[in-house]
1. Only one of these is outside the structural domain of Ile85 (by the TED database), touching a residue at least 40 places away in the same chain (Cβ under 8 Å) and charged (D, E, K, R): Glu292, Glu284. Name it.
2. Need at least 2 residues that are modelled with pLDDT of 95 or more and open to solvent by 40 Å² or more (accessible area, probe 1.4 Å) per element, so show me which strands (runs of 3 or more DSSP E) inside the range 191-298 make the cut, counting only ones lying wholly within it.
3. Just a yes or no: is a residue in the range 305-318 over 23 Å from the mean Cα position of the chain (by Cα), closer than 30 Å to Arg234 by Cα, of a type outside the set (Lys, Arg) and buried (at least 22 other Cβ atoms within 10 Å of the Cβ)?
4. How many of the residues in the range 609-628 are touching a residue at least 60 places away in the same chain (Cβ under 8 Å), more than 19 Å from Leu513 (Cβ to Cβ) and part of a loop (DSSP other than H, G, I, E, B)?
5. Being open to solvent by 60 Å² or more (accessible area, probe 1.4 Å) and part of a helix (DSSP H, G or I) is the filter here; which residues of the range 153-169 pass it?
6. Does Leu129 satisfy being part of a loop (DSSP other than H, G, I, E, B) and within 30 Å of Ser75 (Cα to Cα)?
7. Would you call Val467 in contact (Cβ under 8 Å) with a residue 12 or more places away in the chain, of a type outside the set (S, T, N, Q) and within 30 Å of Leu690 (Cβ to Cβ)?
8. Take Tyr124 and decide whether it is aromatic (Phe, Trp, Tyr) and closer than 26 Å to Leu233 by Cβ.
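The values are calculated or read from the model by the stated rules, or taken from the named source; none is laboratory data. These figures come from a predicted structure and were not determined experimentally. We place every Cβ from the backbone using ideal geometry, glycine too, and count neighbours over all the protein chains shown. Heavy atoms of the whole protein, side chains included, go into the accessibility calculation; ligands, DNA and RNA do not. Shrake-Rupley method; radii C 1.70, N 1.55, O 1.52, S 1.80 Å.
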Amino acid sequence: FASVIYNKPLNRAQDSCSHRCGEMLSTCSCQVTCQSLGICCPDYKEFCVQISPYSGSLMGGKDFLIENTALNTSSVLICRFKQKIKTSGNIAKDGKAHCISPLLYETGFIPFEVSIDDGLTFPYSGTWLSVHHSKVSDEEKCTLVNETKWQYYGTPNTDGNLTLTWTPQALGAAHVNIEVWGYHETGDSYSENWLAEWKYLYTLAKQIPNTGEHTFIPAPAEGNYSTWDFGILRITPSSYSDGQSNIPSVWSNEHALAWHLGKDFRNDSNAWATGKCIEWDRKEEKLPNFMEEIADCPCTLAQARADTGRFHTDYGCDIEKGSVCTYHPGAVHCVRAIQASPQYAAGQQCCYDSTGTQILTHDSTGGSTPDRGHDWGSPPFMKPPRIPGFSHWLYDVISFYYCCLWSDNCHVYMKRRPSSDCRTYHPPRAASAFGDPHFLTFDGLNFTFNGQGEYVLVESDLTSLRVQGRTQQGRFPNGTGAQATGLSAVALQENYSDVIEVRYSEDLNLEVLLNQKVVNFSEQTWIDLKGLFLHSTPDRNITVMFSSGSGVEIRGDGVFLTLTVLLPEKFMNHTQGLFGVMNGNTDDEYTFRNKTTMSVHASPQQLFEFGANWAIKNGTSLFTYDTDFLLNNFFYGEKHNASFLPVFFPYEDPADPLVEEMVLLCDSDPFCRFDVLTTRSLQVGNSTRLSHQNHKLLVEHLEPVISCGWLDHPINGRKNGTSYLLGSTINFICNQGYELTGSKERICQVSGAWSGDTPSC
């Protein structure tokens, strides 16, 4: 980052950002940090473009405005994505340039460039955020009114009219066409020639008025088209030709095309679907077994909701949204594994009942089913089985329609998609830092380190994971500096991933930076990035999920940041930094860079030395220094400010009126008391108390749980009980006329084995 070191240039000819966005030039800068530093080239905003909206579905067809670029209306505009996919742009009457987003087979930030000389040169550049089709707001899609009816059309008792609605303003045209597109994958599964394609099939309605509504009675599709059973609708201005790619479009949800299937389906949908289900089952028989490489589920709902680095809410069954679990009757909450499995890009799902116990398909149709194709796709996307959403539909969803929804063969589906239990699940370890920084290490030690500077919180040689923290001096309520510090910024990276930084800006707003640029969450709260996923909740709880399964949560609640790092078991013996050596042993928690250790009973002054030893080295900083304040205090300054001495033992003065309030608020929480005394703020104390409480709860929820695994009922008998965790009891009863040999009751033991013997009738 030494690029910020030159002085502001004299008034000589300035360089231009044309073709040079992201570079530091000899007289000025075209990097994102140039604006806050005041060193941009004069035409920075014109060539390094900002767009609005900045995101849209990977299906494409969305018009976006290029801000700050006024052009001659006679220019011929071409937009080029990833240096190869070209779409036409246009210049509105006000001289503003617009591009159309293309159909992409991937999600994430996609670089694009713009040409105004019919494609000779592309001097303007920016990025477009391509998102999973389900992450797009309803206004941007056309709506299949009563979607269930569309997807069951032609099955018994489902016929009549279908209605499609859309926002007419989304397409600036008097007349529109409605097209049917189908998705298929060609070539051999899991081979080089396996390819994905969205294909235009036919036009359902031509030249209809753009009123925002269309009602029709679907006719069975002609000829070959009726073999396409998974697809999507597209509405486009009638001025374009049928099936033309990358033009202004409004897409529907992807769905099962029951409504257009042929007469054979309508005559006997059960027989048609049964045939398809059996065919799917035969195909699955020949495919590799992806179940062997997906991770086991957490044993309890508490574990599943706490392991945020590896599992995320499945929006189809969410306890925070009232547990509407259509596909999982009996469940209150499901989660999905965030990362796809390494070789087959498969997905895991885990569902839980109201007691917090996992529901298995062996016991109930409400059980969780794993996925041959991970719903979110997985990098590098582009090819099956890694296409976001659509690969999953083809292997796991349309087959569910064949076997479970359009016919009565759900046992066939469940045989191929049985739930995983939790016998091999190991919860991650958690470490936290909060308040006037108090550190709770992975192995459960806690200490306070009040240095001012930039420090290594944790780093690991296993995945080159680095989490760095910056502390700044706290302020008393009257604005003067306190003799205490707190976390003001956290920066992180793993291997060659994007760099994320979460910080308080100078006006105390929480900012998230991606590779030094501020991230805007107004359109998307979940973003797929290089080597990680980034998620922001409405109350600005930021979660970073790295591809190794490690997770980092950062909360800004008032004055200081609260940080939690979750590391899977494979990081055992692979960490160092202020969060210590994660190995289940607290004796070596205070390990210096040179591997010497200090006693766990060290004094606060000695701990201050330990902390100072983990100050980051200049060349290894992940932080962005984009203001004079940051440059002077942290970039040029010492990484650990040795002249700043904090209060080590705050004094409780019985005559101090604050002490009485502090006791009421903090009770016996030592961190809360410490922070009220050092910052003289009950608000800081309270936020410390809550962070400490949350950490204790998290550690409790992540306690390992022993599972003995699923038990079947005997042939000609039944069993009582569907919990397979430590202490659970399963009873067995034989049907009338049979007698039981073996154990009639088995208990899950500490060893992870069931007591007794397998019963038979």
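1. Result: Glu284 is the single residue among Glu292, Glu284 that is outside the structural domain of Ile85 (by the TED database), touching a residue at least 40 places away in the same chain (Cβ under 8 Å) and charged (D, E, K, R).
2. Result: 195-209, 213-216.
3. Checked against the condition, which is being over 23 Å from the mean Cα position of the chain (by Cα), closer than 30 Å to Arg234 by Cα, of a type outside the set (Lys, Arg) and buried (at least 22 other Cβ atoms within 10 Å of the Cβ), the range 305-318 yields no hits at all.
4. Residues that pass the stated criteria total 1.
5. Gln169
6. The answer is no for Leu129.
7. Here the answer is yes, as Val467 does meet what is asked.
8. no
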